[in-house]
Amino acid sequence: MTVRSEILPSWCPGCSNFVILNAFDSVIDELSRDGKIDVRKLIVNSGIGCHGKIFDYLNISGVNALHGRSIPLSLGIKLANKDLKVVCFVGDGDMYAEGLEHLIHASRYNIDVKVFVHNNETFALTTGQSAPTSKKGFKSKVRPEGERVEPLDPILLLLASNASFVARAYALDQESLKQIFKEALLHKGFAVVDILQPCVSFNDFRNEVRDRLMKIENPLKSREEAISFHFQSIKDGKIPIGVYFKEERKTFEEVEQIEKVYSRLKRKIDLKKLIEDFVIQ
Ligand code: SF4
């Protein structure tokens with residue numbers, strides 16, 4: 001069963017976002033046919049950027065959130081109904097600039113939300129300004145002489161922030177992208193996939209990536225090993241694709257015993273008494 005809507009995508013011809021959309025649609029089809037995902041209990045939120053249009057192209061409930069705020073929105077949805085499976089599509093500017101603090105704390109908390117980052121290393125929707133993951137030397141309208149500082153490293157940040165599932169995918173390798181989507185969707189806890197997503201209009205890094213790709217066959221056994229492996233791959237000039245690290249641990253919802261919060265919320269609130277108790281002294 002496809003989850004594509006009837007809206008025609010307005011992405012540029014040749015944009016790698018088309019591959020991400022198709023891969024996600026195909027994985028949801030497979031997982032729902034296998035009974036592993038109930039599409040009626042699936043929520044897709046997105047942020048602001050070219051990626052955000054994916055919200056219109058999927059026939060799934062959700063919210064097109066404010067810039068960088070998909071994660072707190074998703075947490076709110078999980079607190080209201082912990083049985084929903086919540087997915088965020090976000091952009092690199094959206095998540096690694098505006099929404100960065102949410103990413104770090106959601107990693108620590110291990111909220112049961114999946115985050116798929118369309119990382120084209122630029123603010124593409126606003127015509128290609130440099131973003132936190134733009135490489136040093138990247139030329140844009142705001143930095144015509146080239147970006148002056150080194151980029152943020154999302155994989156290292158996520159590993160250091162205690163994320164329970166950290167992966168990188170390449171948008172143009174559809175088969176491995178599908179596999180990583182599947183693993184992330186079935187992971188219990190906070191799963192983040194940084195998807196290298198060449199932007200054919202403002203930052204087409206296909207050639208650079210193609211020559212440096214390497215597959216991670218199995219996740220590293222510990223967070224420390226994953227971090228060492230990551231540093232070594234940078235030294236070797238390689239770009240690993242796959243799951244760096246995953247672990248099973250209690251989610252935020254379990255630690256905070258959300259069920260008890262539900263029962264408190266269900267109690268009838270006497271608003272007049274509440275105001276008298278807390279406001280009028
Ligand atoms: S600007 Fe780049 S990311 Fe945005 S739709 Fe066009 S090719 Fe895709």
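Quick notes on this one:
- Net charge of Cβ neighbours under 12 Å - reference Leu8; Lys, Arg +1; Asp, Glu -1: 0
- Ranked by how many other beta carbons lie within 10 Å on average, peptides 108-117, 142-151 from highest: 108-117, 142-151
- Ranked packing of 90-96, 135-141, 242-248, most packed first, by mean Cβ within 10 Å: 90-96, 242-248, 135-141
- Label-reachable residues, segment 199-227, where backbone N falls under 19 Å from a point 7 Å from Leu172's Cα toward its Cβ: 199-216
- The chain: calculated mean residue ellipticity at 222 nm from DSSP helix runs of at least 4, using -39500 (n - 2.57): -10500 deg cm²/dmol
- Net +/- balance of residues flanking Glu98 in space, Cβ distance below 14 Å, scoring K and R +1, D and E -1: -2
- Long pairs among Lys36/Lys82; Lys114/Lys238; Lys82/Lys114; Lys135/Lys178, criterion Cα-Cα beyond 22 Å: Lys114/Lys238; Lys135/Lys178
- Relative contact order (%) - criterion: Cα under 8 Å, at least six apart; region: segment 1-110: 26 percent
- Rolling a 1.4 Å probe over the protein chains gives His102 an accessible area of about 50 Å².
- Between the beta carbons of Lys136 and Lys188, assuming R0 = 35 Å, the FRET efficiency works out to 0.40 to the nearest 0.05.
- Net +/- balance of residues flanking Lys238 in space, Cβ distance below 13 Å, scoring K and R +1, D and E -1: +2
- Alpha carbon centroid spacing (whole Å) that separates segment 176-194 from segment 139-166: 21 Å
- Relative contact order of the chain, pairs being alpha-carbon contacts under 8 Å that are 6 or more residues apart, as %: 17 percent
- Using a Förster distance of 41 Å, the FRET efficiency for Arg249-Arg143 (Cβ separation, nearest 0.05): 0.50
- Around the Cα centre of the chain, unit charges on the Cβ atoms of Lys, Arg, Asp and Glu (plus for the first two, minus for the last two) sum to a dipole of about 460 debye.
- Charge-dipole axis of segment 17-248 as Lys and Arg at +1 and Asp and Glu at -1 on Cβ define it, positive-most pick from Leu31, His102, Asn81: Asn81
- Cα lying deepest toward the dipole's positive end in the chain, options Val193, Leu271, Ile234, charges on Cβ: Leu271
The values are calculated or read from the model by the stated rules, or taken from the named source; none is laboratory data. These figures come from a predicted structure and were not determined experimentally. So basically every Cβ, Gly included, is an ideal-geometry build from the backbone, and we count neighbours across all protein chains shown. For the accessible areas, the whole protein counts, side chains as well, though only heavy atoms, and no ligand, DNA or RNA atoms are used. Shrake-Rupley method; radii C 1.70, N 1.55, O 1.52, S 1.80 Å.
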